[in-house]
1. Out of all the residues in segment 49-87, which are part of a helix (DSSP H, G or I) and either in contact with a Phe, Trp or Tyr (Cβ under 6 Å, 6 or more places away or on another chain) or crowded, with 20+ Cβ neighbours inside 10 Å (or both)?
2. Assigned to a helix (DSSP H, G or I), free of Cβ contacts under 8 Å to residues at least 60 places away in the same chain, open to solvent by less than 70 Å² (accessible area, probe 1.4 Å) and in contact with a strand residue (DSSP E or B) (Cβ under 8 Å, 6 or more places away or on another chain): does that describe GLU46?
3. Give just the number: which of (1) within 20 Å of the chain's Cα centre (by Cα); (2) under 27 Å from PHE184 (Cα atoms) does GLN71 not satisfy?
4. For residues in segment 3-43 being exposed (fewer than 13 other Cβ atoms within 10 Å of the Cβ) and at pLDDT 95 or above, which is nearest to GLY185 (Cα to Cα)?
5. How many of the residues in segment 110-136 are open to solvent by 10 Å² or more (accessible area, probe 1.4 Å) and among the aliphatic types (A, V, I, L, M)?
6. Would segment 103-123 turn up any residue that is at negative phi and of a type in the set (Lys, Arg)?
7. Output the residue which, of all residues in segment 140-167 that are at pLDDT 95 or above and under 18 Å from the mean Cα position of the chain (by Cα), is nearest to ASN228 (Cα to Cα).
8. What about ASP84, is it at pLDDT 95 or above, under 16 Å from the mean Cα position of the chain (by Cα) and over 15 Å from GLU13 (Cα atoms)?
Amino acid sequence: MKYQREQDYIVQEIKRIYAKYAEHGIDNVSQKTQFDLVTNIDIGIEKELTESILKAFPNDKIHGEETSSTQEIVGRTWTIDPIDGTCNMSGNLPLYGVQCALLEKGEIVFAVIYLPHFGETMVAEKGCGCFLNGKRVEVKHNGTLNNALVSFGDYPHYKTPDVAQRQHAAIGHMFTKIAKIRMFGAACIDFAFVAAGRTDGTVVITRNLWDIAPGMLMCQEAGAVLTNLDGQPYKFGDNGVVASATKELSQLIAQAFALRR
């Protein structure tokens, strides 16, 4: 594997750094935005993981949620989401994780998602498959719409109210077409569960690469259909990303988002 060195290093460092801050626990929670929180764990993990990556790969760049979100994606750039699902973590819900992706020449080439409370590490390299705790995984190829389980990301708030309305309309349409709808509150869970064949699809509405880049590669390498909300091939900057286990489900989600309420 071309990125074996990166994989070995970043998986080890994510686990080490997370354990360090998790053991100490949350001692500072602040309001990052009107509807979002940040903790000492988020800030500490991103700071130390950034320092660690740049020590091992000094020519790389960091595009992290808490401290370097304005860094452009150029050359070799790592996305860092130190805790994806901070509100879950701060509420003692185990649905959260640490995730990173490496982009090179504008492509996502390697990614890792670490779900500490599940004891699971998911890694993917472009063209090499998706692996959960060392075992290759694939999406649920034989699912049917009437048995499908689809997760939606949190509703976008003040930045894109029109997209939130589209999501509301889409959910209203889809709940009569599929078995179950879920909202886990963390993109790492949404994407990892699709890639591992636990759910059939997910819709994550955000443009933040630290949220979506790792999971997009996981799902792509596990065989998912990736599109934007309109059913077209996803490109950076689109309002949202959809990962579906089957073309039939992908088409249904695109039809649902074509509605207006």
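The values are calculated or read from the model by the stated rules, or taken from the named source; none is laboratory data. This one's a predicted model, so the numbers in the text were calculated from it and none came from an experiment. Reconstructed Cβ throughout: ideal geometry from the backbone, glycine too, with neighbour counts over all protein chains shown. Side chains are part of the model used for accessible areas, which takes the heavy atoms of the whole protein and leaves out ligands, DNA and RNA. Shrake-Rupley method; radii C 1.70, N 1.55, O 1.52, S 1.80 Å.
1. Those that are part of a helix (DSSP H, G or I) and either in contact with a Phe, Trp or Tyr (Cβ under 6 Å, 6 or more places away or on another chain) or crowded, with 20+ Cβ neighbours inside 10 Å (or both): LEU49, ILE53, ALA56, THR86.
2. yes
3. (2)
4. ALA19
5. Residues in segment 110-136 being open to solvent by 10 Å² or more (accessible area, probe 1.4 Å) and among the aliphatic types (A, V, I, L, M): 2 in total.
6. Checked segment 103-123: no residue is at negative phi and of a type in the set (Lys, Arg).
7. This residue is PHE152.
8. Taking the combined requirement at face value, the residue satisfies it.
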